[in-house]
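Each remark here refers to the structure printed beneath this line.
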Amino acid sequence: MPSYRCYFLNDEDHIQAYESIEADAVREAIDRARAMLRTRPQHRKVELWQGARRLYPAVYGDVLPNRGSRNLFDWLGSGEGPNRTGIYISS
């Protein structure tokens, strides 16, 4: 089963904590990272990494219910996130 690291960041993008998780698929890992961020209001952001690749960034307000959070497929289709080469791009 693949391993992922969830880094929890403050407003200055400094790592405050991390969790290692295992998930069968990237989508499951993203869902778990977002769920963990919802329960940790002291952290403002979470990044999901696999090895040297950042797979997903999320901000605390974006993972709260009814706040317009996007699912994985919306995020990937937005032009943000890692491209085919694994390099992070943002629009």
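For the stretch 14-41, a residue qualifies if it is in contact with a strand residue (DSSP E or B) (Cβ under 7 Å, 6 or more places away or on another chain) and either among the hydroxyl-bearing types (Ser, Thr, Tyr) or not in a strand (DSSP E or B) (or both), and the qualifying residues are Tyr18, Ser20, Ala23, Val26, Ala29, Ile30, Arg32, Ala33, Arg34, Met36, Leu37, Arg40. Contact map, the stretch 1-13: residues that are within 13 Å of Arg34 (Cα to Cα) and loosely packed, with under 13 Cβ neighbours inside 10 Å paired with residues that are basic (Lys, Arg) and modelled with pLDDT of 95 or more, Cβ distance under 6 Å, separation 6+ or inter-chain. No pairs are found.
The values are calculated or read from the model by the stated rules, or taken from the named source; none is laboratory data. Keep in mind that what you see is a predicted model, and the values were worked out from it rather than measured. In this analysis, Cβ positions are derived from the backbone assuming ideal geometry, glycine residues included, and neighbour counts consider all displayed protein chains.
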